[in-house]
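To keep things clear, I will list the structure first and then write my remarks on it.
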């Protein structure tokens, strides 16, 4: 008499094989998730730098935006000017609530107090985005748009 189904040994074999596949696959998936968060973070920093470039270009054309930037270019002065992400947001160079992929929970956005150094050597600009302590300390909750 033939019975349909699997023996206990066959079922245990399948479970062991699935366990081995999971043992290999889970770290790969977790590593890819971490790498994608780091890549997105780098892209967000580049977005902030590009937005700072737009802000500086506007400030060169219209001195009322930032007198320090305007004067540095006009006088070809070697200088460093520090602004915050909030200045870029108020000026419309970057959107409010830029996500920080290194942050978790409700506090998953870059703080408006995030500092950006604008370095001018008399010929060209360089931009550095700086966190006070580490990037996780620059996490904040979503802000509502100004009226």
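No lab work stands behind these numbers, since they all come straight from the coordinates. No experiment lies behind these values; they were computed from the predicted model shown.
Under 8 Å for C-alpha pairs, at least 6 residues apart: give me the relative contact order for the chain, rounded to a whole percent.
It comes to 20 percent, rounded to a whole number.
For the residues 16, 94, 73, a GNM of the chain with alpha-carbon springs under 10 Å puts the largest fluctuation on 16. Note on the chain: GNM, Cα springs under 10 Å; of 47, 11, 88, the largest mean-square fluctuation is that of 11. When the Gaussian network model of the chain links Cα atoms closer than 10 Å, the mean-square fluctuations of 71, 100, 117 top out at 71.
Helices in the chain, meaning DSSP H runs of at least 4 residues, each add -39500 (n - 2.57). Divided by all residues, the mean residue ellipticity at 222 nm is -16500 deg cm²/dmol. With a ≥ b ≥ c the root eigenvalues of the C-alpha gyration tensor of the chain, is it rounded (a/c under 1.5), prolate (a/b larger than b/c) or oblate? In terms of gyration-tensor shape, prolate.
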